[in-house]
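So the structure is just underneath, and the comments pick up after that.
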Amino acid sequence: MTDTEPETIYYTADVVLVTDDGQIALVERRWDPFKGRHALPGGHVDRKERNRAAASRELFEEAGVQVDPADLVRLDVFDEPDRDPRGRYVTIVYLARVPAGTVLTAGDDALTATWWPLTSLPPLAFDHAEILDAVADKIV
């Protein structure tokens, strides 16, 4: 494939879920790539689904937290060509705020779902550390 040939681009949505006391929700990935590493809740946008709806759905499926799509705040788009080893992935990242003490429940593609202090995160999958760095001023 040459640099000028079209490539398949996958469309995803991720959520930075933050409590009012500064905790970030992370899920431990059940599957490769990055099996066992922590990541922001998120995933593929289904056919005929809007990105914001996909973000809400993925958040519920992976972390057990229901947030109305209208309450998600768009933070940024991340489209670095090599951000995912499976191919070209473009994601829109959203912010959702919930009260401290909100219960997380792992499901779907997640082994665990846990709260982490923004100042003490584990190694993250994909480019999720860079995403959090890029949006840090919008989430504190």
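The values are calculated or read from the model by the stated rules, or taken from the named source; none is laboratory data. Please read all numbers here as calculations on a predicted model, not as lab measurements. Cβ: placed from backbone, ideal geometry, glycine included. Neighbour counts: every protein chain shown. Surface areas here come from the heavy atoms of the whole protein model, side chains and all, with no ligands, DNA or RNA. Shrake-Rupley method; radii C 1.70, N 1.55, O 1.52, S 1.80 Å.
Listed highest first by mean packing, meaning other Cβ atoms within 10 Å per residue, what order do 76-86, 127-137 come in?
Highest mean packing first, the order is 127-137, 76-86.
If the only charges are +1 at each Lys and Arg Cβ and -1 at each Asp and Glu Cβ, what is the size of the charge dipole of the range 17-70 around the Cα centre, to the nearest 20 debye?
Roughly 320 debye, rounded to the nearest 20.
Accessible area per residue, 1.4 Å probe, Å², for the chain: what's the number?
55
If you take the beta carbon distance between residue 111 and residue 133 as r and set R0 to 22 Å, what does 1/(1 + (r/R0)^6) give as a FRET efficiency, to the nearest 0.05?
Efficiency at R0 = 22 Å is approximately 0.35.
In degrees, nearest 10, range 0 to 90: what is the angle between the Cα axis of helix 128-139 and the longest Cα principal axis of the chain?
It is inclined by approximately 50 degrees.
Peptides 117-123, 37-43: what's the order by average Cβ count within 10 Å, highest mean first?
Ranked from most to least packed, the peptides come out as 37-43, 117-123.
So what does the Cα-only Debye profile of the range 1-112 read at q = 0.13, 0.15 Å⁻¹, as log10 I(q)/I(0), no solvent term?
For the range 1-112 at q = 0.13, 0.15 Å⁻¹, log10 I(q)/I(0) is -0.49, -0.64.
List the chymotrypsin sites (Phe, Trp or Tyr not before Pro) in the range 1-46 that DSSP assigns to loop (not H, G, I, E or B) and whose Cβ has at most 14 other Cβ atoms within 10 Å. Which are they?
Passing both the DSSP loop test and the Cβ count: 31.
Residue separation times 0.36 nm, minus the C-alpha to C-alpha distance between residue 35 and residue 71: what's the value?
Stretched fully, the residue 35-residue 71 segment lengthens by 10.0 nm.
With a 1.4 Å probe and every protein chain kept in, tell me what percent of the accessible surface of the chain is carbon plus sulfur.
About 50 percent, which is the carbon plus sulfur part of the accessible surface.
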